[in-house]
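To start, the structure itself, in structure tokens.
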Amino acid sequence: MTEALLQIVNLTKIFPMGHGKSLTAVNDVSFDVGRGEAVGLVGESGSGKTTLGRCVLGLIEPSSGAIVFRGENINRLSRPHMREFRRRVQMVFQEPYASLSPRMRIGRIVEEPLRLRQDLTPAQRGKRIAEALAMVRLEQSSIDKYPHQFSAGEQQRVAIARAIATEPELVVLDEPTSALDVSVRSEILDLLSDLQRRLRFSYLFISHDLTAVRRVCDRVAVMYLGRIVETARTEAIFDRPLHPYSRALLSSVLYPDPKTVLPRFVLSGEIPSPIDLPVGCHLHQRCPWAIEGCATRSPSLEQIQEEHWAACFRAREKVLEPASL
Amino acid sequence: MSSSSEILGMASRRGSIKRGLRDFVLFARRRPSVMFGLVIVGVTLFLALFGPAVAPFDPEHALPGAGLQPPSFQHWMGTDVSGMDIFSRTISAPRIDLVIALVSSLIAFAVGVALGVISGYFASNRGVARFISEGIMRCADILQAFPVFIFALALVGFRGPGTGNVIAALAFLNIPYFLRVTRGAVFQVREQPFIEAARCAGNSELRIAFVHVMPNSAGPALANISPGIGFAILLTSALSFVGAGVPKPTPEWGSMISIGAPNMITGQWWTALFPGIFLGLTVLGYALCGDGLRDYIDPMNRR
Amino acid sequence: MASLLDIDAVSVSYERDGKWVRVLDEVALTVEPGESLGIVGESGSGKTVLIRAVLGLLHPPWRIDSGSVLLDGDDLLKKSEEALLRLRGKAIAITSPEPRKHLNPLLRIGEQIVNVIAAHAKMPRSVAMEQAVELLTRVGIPDPRRRAFAYPHELSGGMCQRIVIAMALAHSPKVILADEPTAGLDVTISRQILDLMHDLVQRTGSSLVVVSRDLGVIAHYCRRVAVMHSGRVVEIDDVEHFFEHAVHPYSRNLLRAARAARDHTRPAAPNPGTRGAPSDAACGYASRCVLSEPRCRETRPSLDTLSLGHLVRCHRRTEIVSAEVEA
């Protein structure tokens, strides 16, 4: 087992909200991303997945815990090492247009992260830019154009080109297809999947869309209110979700086929606010499986099956039941 | 999202300036007041460039014995007390006014935007950054608290009259306005994902402030240059009126009014009236044009 | 049986820079009593304009060129503003893709529902308040009596949408226009909202028109579907039939893309293209259609019946159906 490229160790992030209240966005989260592995991070609002992504990139400082990249804690890096880090870890954002500098030409946008590589001559940089654009299937003439001249899907391709230009080892993607029309999504997802297999970098794919994650990721972690509630290989989660929240997520997917039966595994009520976290298991007020103990104790991630972990007191018991989704 | 996208959208409208200008003219066609303003701006620009050249008489040359003549075929607007042709002086005045107004506005714009970016981008709740950004804002507050004219007068009184000092005074006074307007835009722009992306690309904060934030926050300030020019013209005239502005023989509406005002009482109404009308129309025109420009840019082509 | 809502050849134009641009071209749709119709279209298809036209909310620079919208035989397009005010919220109601913005941020939500109730029925305030609380219960707001005193900003997006639905149902309207009912909502909440709307509509017998970009929503919550593209209706069909036997090339591409987005094993579908050139003398999809022929660029196809309940606007529809041509 190769050493993990990225290790998230007991990461917690709390935002003070004034008046003595605080928002716990990420609550003691630990997991790894291996070299060349595509890991999906799935959750809805309040899950903390976006905050986690930004901590991984060093854009937000954790309250406690550590982000360890290639064995080094990224929040303790010296300036030159930070530059190295930035070169190796890149990000693709949710809003394609808003993530590109509106007054810069595409060529310059894609070139920006390349300036971190001081060993490249301008000519070499130019070549890299051309290669990156080719890999995302954009025409070379794009170099001189401005972001607003492109469609949302193409803008996202530019963002992807920018992310891969430095030949990173890890790309964090924050809802890369959520802002795109459905018709464009599968193209971008395929592109992402394709790039990852060819260039062999790792992904941290953050999304609320389980089916998008399925297309791209080898492993999935499901988050709810700042905690990881389940993690397994992608197919395992789809075949047999062990945590009730994962089940609810899956059953909320509306397949464009009237013949598929919609499962009625629906959670009741609203997602609680991360400022006022419920005591005990965060899901217990909405969970159809809840029993007495759920209101007082908070379950931790336990290995239920091979490579399949879930944080639910009843996961083991429910495994034995038939998977009636 | 709406106004930040407006700002960004405005920033991104990368069509050539020529096309933007043409579109604006088309826009003005539908709005008579803006059209009027545009015409005034056009006329004053023309006069600034060619006024003294097309003037029938030398605007600074006194014709002894020809003083205080009423409007006639030879002197369309009559002559003033020194025998200088009022018409020639009136149409030559825009040059000095516009030069002062444009230069001071540009300086105020450049400094105001730069300070606005710094104070907006680095505004935070702690540390040196807070000290700097808050410091800048308090200085701006102090500056804006002064009655404009008094301050200009004081500044010019301190440094002496003369065109250069008028420019300096005006520039100084207009900085806070551009600063605030830019700062507001910066607050929105700095939340945008492309700023985070710039950080991921390894840019230093200073570089982000000036390469990424500034070009995208200068829009609102740009839209407000035009009324600033009108105001600058008014202020120049006011300073010249009290003798603290442009030196004497140089044709300038304010000083013309000042020279001609006593004559109005004795019945020579033309000496101060014409420059007064021109001044009023000009300031109005620039203000209307500025309003129109603002409407044009934000929200785009609103009906 | 006469349709409840009969939108007949409605055309709408918009004035820009002195020229009139057509944005809706002879849109024709019917909604039966108690039926749920889905309108599918991506950005630029004109679906929002259609809703506003039906509700009489189009003002200059928009202009209704022709057509009629019959609600129970009554043409809404010919009604005065006063008459329309009596209908909106009572006979015909709407939900919003941005529920929070749909609500007045300065009024408590109970107050807002009472306002809707009082707008169309005279009754003492206390009675109206009771009805409001009852509505809140019906839409699944927990602790409704206390929640009635909350302001919109204190509530989540899902709750706001429930309140908007409560307001829409206040007078048991004949037809509800649900514009992107799940926009901006979390997945699990969307599911709740859709189930809720479905149950409520079934119980009150109202007709439901769901406007959505999401074919998944249409598949499970509508009985009939109409596809719009660049201002025209290009296909109308029963949902079950549509998902297996859609004929219009745009519909087929939409389906392919939707399936690909949901099914990781399918290859990516090509972008079907959202906006065509709305021109009188051509099919709006011709420029992007793989099956287009010269006549597609020269003549506008008409929306004709292919089989019972199935209408398609495409010159080559019969060929496509006979499956000799693979779109």
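Coordinate-derived values only; no laboratory data. Keep in mind that this is a model prediction, so the values were computed, not measured. In this analysis, Cβ positions are derived from the backbone assuming ideal geometry, glycine residues included, and neighbour counts consider all displayed protein chains.
Shielding of peptide A:245-253 by partners, expressed as the average count of other chain Cβ atoms within 10 Å per residue Cβ, is 3. Highest mobility in the GNM of chain C, judged by mean-square fluctuation with C-alpha springs under 10 Å and restricted to C:263, C:237, C:65, is found for C:263. Distance from the alpha carbon centroid of region A:159-196 to that of region A:32-76 works out to 18 angstrom. Between amide H atoms placed 1.01 Å from N, distances below 5 Å from residue C:4 occur with C:31, C:32, all of them 5 or more places distant or on a separate chain. With K and R counted +1 and D and E -1, the other residues having a Cβ less than 11 Å from that of residue B:208 yield a net charge of 0. For region A:1-45, GluC sites (Glu not before Pro) are listed when DSSP marks them as loop and at most 11 other Cβ atoms sit within 10 Å of their Cβ; the list is A:3. Listed values for region B:247-262 are Karplus-derived 3J(HN,Hα) couplings in whole Hz (6.51 cos²θ - 1.76 cosθ + 1.60, θ = phi - 60°), namely x, 3, x, 4, x, 7, 4, x, 6, 4, 5, 4, 5, x, 4, x, and x replaces Gly and Pro. Beta-bridge orientation, region A:114-241: approximately 55 percent antiparallel, per DSSP, counting only bridges with both partners inside. Between amide H atoms placed 1.01 Å from N, distances below 5 Å from residue C:39 occur with C:210, C:211, C:212, C:226, all of them 5 or more places distant or on a separate chain. For residue A:229, the amide hydrogen comes within under 5 Å of the amide hydrogens of A:222, A:223, A:224, counting only partners 5 or more places away or on other chains and with H modelled in the peptide plane. Taken over the Cα atoms of the protein assembly as shown, the convex hull encloses 231 Å³ per residue.
Listed by chain and number, the aspartates and glutamates placed with their C-alpha closer than 17 angstrom to that of residue A:21 are A:276, C:154; residues fewer than eight positions away on the same chain are left out. Cross-link check: pairs A:49/A:145; A:49/A:127; C:79/C:174; A:259/C:90; C:101/C:122; A:13/C:101 evaluated at a Cα-Cα cut-off of 29 Å; pairs beyond the cut-off: A:49/A:145; A:49/A:127; A:259/C:90; A:13/C:101.
The sum of -39500 (n - 2.57) across all DSSP H runs of n ≥ 4, divided by the residue count of the protein assembly as shown, sets its helix-only mean residue ellipticity at 222 nm to -14000 deg cm²/dmol. Listed values for region A:133-149 are Karplus-derived 3J(HN,Hα) couplings in whole Hz (6.51 cos²θ - 1.76 cosθ + 1.60, θ = phi - 60°), namely 5, 5, 5, 8, 6, 10, 6, 4, 5, 5, 3, 8, 8, 9, x, 5, 7, and x replaces Gly and Pro.
Taken along the Cα-to-beta-carbon direction at a fixed 7 Å, the label points for residue B:205 and residue B:150 span 3.8 nm. The phi-based Karplus calculation (6.51 cos²θ - 1.76 cosθ + 1.60; θ = phi - 60°) puts the 3J(HN,Hα) values of region A:115-130 at 5, 6, 8, 6, 8, 9, 7, x, 5, 5, 4, x, 5, 4, 4, 4 Hz, whole numbers, x for Gly and Pro.
With R₀ fixed at 35 Å, the C-beta to C-beta distance from residue C:101 to residue A:108 puts the FRET efficiency at about 0.45.
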